[in-house]
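Please treat every number below as a calculation from the coordinates, not as lab data. Fair warning: this is a prediction, and the values are worked out from it, not measured in the lab. Cβ sites come from the backbone with ideal geometry, for glycine too, and all protein chains shown count toward neighbours.
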Amino acid sequence: MSSADRTRLNTFAETPLDRCGEYRANAEWMAAQCALPAARWLAFDSEGRAPVRDNRLCLLEAGKFEPDAPANFLGCLDCAPLYALREPVAQTLFPEARWLDLRTAAAEIERRDAGLFAYARGLANWQDATRHCAYCGAAVLLIDGGHRASCIGCGRLHFPRTDAAIIVIVEQGDACLLGRQSLWKPKQYSTLAGFVEPGESLADAVRREVREETGIEVIDCDFHSSQPWPFPASLMLGFTATAAGRDIRLADGELEDARWFTAHDIVDGLRDGSLRVSTPLSISYRLIEHWLRTRAGLELDALTGAR
């Protein structure tokens, strides 16, 4: 399986719409799209929750809804323009729907809807955090369908922020390296992760993060897949890696514990409750799943009960 195919399996990574980025600055084209009868709007309440019914996102339809508030242009889905309202709406607009946050909804709704929800929330997260120009401090004006912010003072453009972070499953012989932070649920272990620093390649970020957190030296790594993670603005870049040895030395204080787990350790721990792994929504789960399948022919979903 290619990295592109593995990426498509990650939650939030499937967004089947055409983003139409080349048209966002075309005011005439944008106005025409908004006026189309096929236009749809994704709505949120004041807490960022979206309406869900029958495992699908509920969308507001043109003709049944006249938007009087700004909206972000997400793109075209099946040739129909799709928007996300920037102002909250009353839940009474969808009396039969359940209003769910992104994490909750992602476990229930169809994959492409989860990707759309994540896209809309990620864009909104950036807009909420970008009210003033980072250069002169003046207010900014959202343009290009909400994908740019123009400073009304100095005229500089600001673009949506994405924070690149590596996440890696490290193996040595018949075991993989997992760690846990003190704030996590009891007995939960996960793959190692950290943000990429300025001027750093992804491979160097993998080596540095693993060494800083556990003292383990990585001698080789390969790209596995990627995942948008809008909590609030990360792009997770997943890797598999090989370590030179197993001498763990917790160094930077980020981890409470780190251990080497064989496939049997993971199987036994999940079965007897002495081990938890990350949610199936996360790329960490997919990295552990990949390692178990390729190294031991085991299916993580069968062990955790995930579907």
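Things worth noting here:
- Sites listed here are trypsin sites (Lys or Arg not before Pro) in the range 125-213 whose DSSP assignment is loop and whose Cβ has at most 16 other Cβ atoms within 10 Å: Arg131, Arg156, Arg161, Lys187.
- The dipole here belongs to the range 3-128: it is taken about the Cα centre, uses +1 on the Cβ of Lys and Arg and -1 on the Cβ of Asp and Glu, and is about 300 debye.
- Protection proxy ranking, peptides 245-257, 1-13, average beta carbon neighbours within 10 Å, highest first: 1-13, 245-257
- Estimated FRET transfer efficiency when R0 is 51 angstrom, pair Arg98-Arg246 (beta carbons, to 0.05): 0.60
- Mean Cα-pair separation over length for the range 163-304, i.e. relative contact order, pairs under 8 Å, 6 or more apart, %: 30
- Neighbour cut-off at most 16 other Cβ (10 Å), DSSP loop, GluC sites (Glu not before Pro), the range 61-126: Glu96, Glu108, Glu110
- Computed over the range 176-240: relative contact order in percent, which uses C-alpha pairs under 8 Å that are six or more apart: 19
- Sites listed here are chymotrypsin sites (Phe, Trp or Tyr not before Pro) in the range 138-229 whose DSSP assignment is loop and whose Cβ has at most 14 other Cβ atoms within 10 Å: Trp184.
- One decimal place: the segment Ala38-Leu141 gains 34.3 nm when fully extended, by the rule 0.36 nm per residue minus the C-alpha distance.
- For the chain, the mean residue ellipticity at 222 nm estimated from helices alone is -7500 deg cm²/dmol, where every DSSP H run of n ≥ 4 contributes -39500 (n - 2.57) and the total is divided by all residues, rounded to the nearest 500.
- Ala129-Ser46 pseudo-label distance in nm [points 7 Å out on the Cα-to-Cβ vector]: 2.4
- Relative contact order computed over the range 3-128 (Cα-Cα under 8 Å; 6+ residues apart), in percent: 33
- Gyration tensor (alpha-carbon) shape descriptor, the range 163-304, a/c threshold 1.5: rounded
- Here the gap between Arg148 and Thr262, fully extended at 0.36 nm per residue and compared with their Cα-Cα distance, gives a gain of 36.3 nm.
- Look at where the Cα atoms of the range 254-287 and of the range 13-43 average out, and the two centres are 42 Å apart.
- The range 3-128: C-alpha gyration tensor shape, a/c 1.5 cut-off, then a/b vs b/c: oblate
- Residue-count net charge about Leu116 - beta-carbon cut-off 13 Å; Lys, Arg +1, Asp, Glu -1: +1
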